[in-house]
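Asker: Sharing a structure here in structure tokens format.
The values are calculated or read from the model by the stated rules, or taken from the named source; none is laboratory data. Since the model is a prediction, treat every value here as computed from it, not as a measurement. Here the Cβ is made from the backbone with ideal geometry for all residues, glycine too, and neighbour counts use every protein chain on show.
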Amino acid sequence: MLEAIQNLIYTPKCGICGKLNKKYLCRECKKQLETYAIWEIVENKNPYILFDEQISIFSYKALIRSEILSYKFGEDSYLYKTFANFLIKNQKVFQKIKSYDIIIPVPISKKRKRERGYNQSLLIAREIGKNANIEVVENCLYKTKDTIEQSKLKREEREENAKNVYEVKNEKILENKKILLIDDILTTGNTLNSCSKEIKKGKTNKIGVLVLAKD
């Protein structure tokens, strides 16, 4: 029933070329995406990075950059189906995702949610969680302040912009759990680091991050 309702809202079409397609990604466009896919899984060894593992699907350039910007700022919310359906087909990444207990999307501020109408990371998190049978927790990590978009700032300004803007509630949910944070783009890692700092207050076993693209 839920799938039928979603299909009324989001017409089943390829998010890249717009052709009708039940999988939201046609064969030709899948080949295009594959040229930008890096399928990177990296264990963190940097003491200044607070998450333990990083999973990146694409390199942030050309087609991927334009599609993610359309998804994030151009109201092309249906692209979450295209991105999610592409990444869950990779067994290495999908099995790694399934090793986590809880998925948490990077939150956006209430103001940004009103303006955009959706949280792009939450839509992808829900689709991945549904396919991997992992709980998506939305009532735990919150963004308490509206900040300037990280993409509009210089690298040296991004750390300060992401400081002390996230807050964890219901910490017990996180205790002894392996947490997978989901975001769209990784550039400096400051947003994910700030989120991880808060999540660690819940005495987690592990924090991994999954991003659509690595800049």
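Asker: Only residues that are closer than 21 Å to Pro12 by Cβ, acidic (Asp, Glu) and surrounded by 18 or more Cβ atoms within 10 Å (Cβ to Cβ): list them for the stretch 31-85, please.
Answerer: Answer for the stretch 31-85, where residues must be closer than 21 Å to Pro12 by Cβ, acidic (Asp, Glu) and surrounded by 18 or more Cβ atoms within 10 Å (Cβ to Cβ): just Glu67.
Asker: Mind listing whichever residues of the stretch 8-30 are of a type in the set (D, E, K, R) and buried (at least 16 other Cβ atoms within 10 Å of the Cβ)?
Answerer: Lys13, Lys30
Asker: Related question: Among the residues of the stretch 75-86, which ones are free of Cβ contacts under 8 Å to residues at least 60 places away in the same chain and either touching a strand residue (DSSP E or B) at 6+ places or on another chain (Cβ under 6 Å) or in a helix (DSSP H, G or I) (or both)?
Answerer: Tyr80, Ala84
Asker: Here is a further query. Taking Gln95 as meeting all but one of (1) closer than 23 Å to Gly15 by Cα; (2) in a helix (DSSP H, G or I), write down the number of the exception.
Answerer: Here Gln95 meets the rest and fails (1).
Asker: Does any residue of the stretch 57-73 turn out to be within 17 Å of Gly129 (Cα to Cα) and at pLDDT 95 or above?
Answerer: Looking for residues that are within 17 Å of Gly129 (Cα to Cα) and at pLDDT 95 or above, one finds at least one in the stretch 57-73, hence yes.
Asker: Determine whether Leu69 is assigned to a helix (DSSP H, G or I) and closer than 25 Å to Ile108 by Cβ.
Answerer: yes
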